[in-house]
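What follows is a single structure, written as structure tokens, with notes after it.
The values are calculated or read from the model by the stated rules, or taken from the named source; none is laboratory data. Every value quoted in this text rests on a predicted model; they were computed, and no experiment measured them. Heads up, the Cβs are rebuilt from the backbone with ideal geometry, glycines too, and the neighbour counts pull from every protein chain shown. When the accessible area is computed, the model is the full protein with side chains, heavy atoms only, and any ligands, DNA or RNA have been set aside. Shrake-Rupley method; radii C 1.70, N 1.55, O 1.52, S 1.80 Å.
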Amino acid sequence: MTQLHHHLPARFNLLVDNGFENLLKNGLKGIEKESLRIGKNGVIAHTPHPSFLGSALTHPYITTDYSEALLEFITPPFKDIKETLNYLNTIHQFVYDHLDGEILLAASMPCGIDGDESVPIAEYGSSNIGRMKHIYRRGLWYRYGRTMQAIAGIHFNYSVPEALWSRLHDLENSSSSLDQFIADGYFGMIRNLHRQGWLILYLFGASPAICKKFFKSRPQMMAQFNEFDRHTLYHPYATSLRMSDIGYKSKNQASLQIDYNSLTGYVDSLSQAINTPYPDYEKIGVKVDGEYRQLNSNILQIENEFYSTVRPKQIANSCEKPTLALKRRGVRYIELRSLDLDLFSPLGIQDETAHFIEAFMLTCLLQDSPPNDSRQFILNNANQLAVAHLGRQPGLVLDKIDRKIPLKDWAEEILADMEPVCALLDDDNSEKPYSAALSAQRKAIENPDLTPSARILRGMSETQMPFATYALKTSVKHAKNFRSQKLDEQNTRAFQEMAKESIAKQLEKEQSDNLSFDEFLAHYFSQQ
């Protein structure tokens, strides 16, 4: 480890010189994975959230995202990413052991949908908090349409090892409090993830094509695409259309400049968006004929509506606003939200990808991270869009704040920074999983044909299948893989028990509400 390269981040060198580099290991990793339930007929399921899974409102590991048909699996955080993936596998196994005739769609972009009305909004029962979650989703429908919300992805959660913070605080002779130092450290990491996050789209983007039916409720958006066949639109060099402007971006959010230079700035700028009325949303109305259409008519109804590729997170207490949780207790972990589902992996993410992402996030923590200004914000967005639509285009040039640079050159710079971090994380592991992951991605930078997006388009061409058919066939294969195994009795019983407990918890919430919904909502938004 003593061979230092000139481009190594100063922070890394500081740890190595003082013999503390091992503190970089054992950060906590958790994964959240969304998947659309697909019925026997190949279309989005219209059955309710399966009761054997428990309550989507209160189950800790199995819930729903936007739609009743959009399952979300959440793992606890583990030090070893292998344990995280094993847990994700266990959840899949339990679900498939009980899922009657339905399968999980293995692709990020939805297939088997037919316009907004075909996407059922998730239901969470009659408690105030359950109603709030449902009405928030109704608001998203009125604002952006439902089809958009049926897109699925993977969120990678990473928390820096606790012991590292206090050691760095000492080594860097920081004059700020430890809490402030940790918050600044996390926000520095977020800014670097924003600057370099286009790399995730290039390497792991797996949504280069889309079903035409995806645009049924917004046909005007089809014009910007090439036609792959009668049913499919695509861009020949696209990596992740999920992360492009047809994904979650919305016009009013594009102009939102959330401050990532400090925790206070972030909380204040996000809170402002939640409290600022927006004329187009005022036209929709909040409560119309006694029924709620949205939680409010502001730029954002709540924090979750702000779509960002990276979020600072703190675990919120019951009914606590996420911004308040951050303000009160600081940043607990970082959520990286730009990973597409890996169509070729039954879990939606491969071990290799997970090892790479961990090393990448850690590298972003160690690198210098100057504050952002509005120009940086615009460049980050432009680079992300360019890579989403054209990432594999030969000679694609991106914009660094000080110069234009070919994607390939910049990618190689980032990977060079990751090299010592990967070597350190591998340490005494003879398999060297981190360095192996790094060298696999080097090959994909050399040869764009090795990326998942290229492999998907090639697979569609070779089999002459529309995207939907190709995605469904692959999903069926993954379903068979899970159905050919059975979960052991101990895990099965544990998940059955959790399902039962979650249903009891939901009932308890419904019976103990003592405020009317209007009072509950006023109380929620008045939290200071």
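What the table below lists for this structure:
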{"item": "Peptide ranges 439-451, 467-479, 256-268 listed from the most packed, as the mean C-beta count within 10 angstrom indicates", "result": "467-479, 256-268, 439-451"}
{"item": "Mean shadow area of segment 427-528 over all directions, Cα convex hull, nm²", "result": "15.3"}
{"item": "Set LYS477/LYS505; LYS82/LYS443; LYS33/LYS486; LYS82/LYS133; LYS133/LYS327 screened for pairs whose C-alpha atoms are more than 26 Å apart", "result": "LYS477/LYS505; LYS82/LYS133"}
{"item": "Accessible area of the chain belonging to carbon and sulfur atoms, whole % at 1.4 Å probe", "result": "50"}
{"item": "Cα gyration tensor category, rounded, prolate or oblate, for the chain with a/c compared to 1.5", "result": "rounded"}
{"item": "Sequence ranges 519-525, 326-332, ranked by mean other-Cβ count within 10 angstrom, highest first", "result": "326-332, 519-525"}
{"item": "About the Cα centre, charge dipole magnitude for segment 436-528 (Lys/Arg +1, Asp/Glu -1 at Cβ), debye", "result": "860"}
{"item": "Assigned charges on the beta-carbon of Lys, Arg, Asp, Glu; segment 15-116 dipole about Cα centre (debye)", "result": "260"}
{"item": "D_trans [Stokes-Einstein, Kirkwood Rh over alpha-carbon pairs] for segment 254-380, 37 °C, 0.692 mPa s, µm² s⁻¹", "result": "190"}
{"item": "Reciprocal of mean inverse Cα separation for segment 1-88 (Kirkwood radius, Å)", "result": "16.5"}
{"item": "Positive-end extreme of charge dipole, the chain - chosen from PHE214, ILE91, LEU23 (charges on Cβ)", "result": "PHE214"}
{"item": "Within the chain: Cβ-based charge dipole about Cα centre, in debye rounded to nearest 20 (Lys, Arg +1; Asp, Glu -1)", "result": "1260"}
{"item": "Prolate/oblate/rounded label for segment 299-443 (Cα gyration tensor, a/c 1.5)", "result": "oblate"}
{"item": "Computed over segment 173-332, the ratio Rg/Rh where both radii use C-alpha atoms and Rh is Kirkwood", "result": "1.04"}
{"item": "The chain, accessible area per residue, ligands and nucleic acids excluded (1.4 Å, Å²)", "result": "42"}
{"item": "Segment 479-528-segment 255-329 distance, computed between alpha-carbon centres (Å)", "result": "24"}
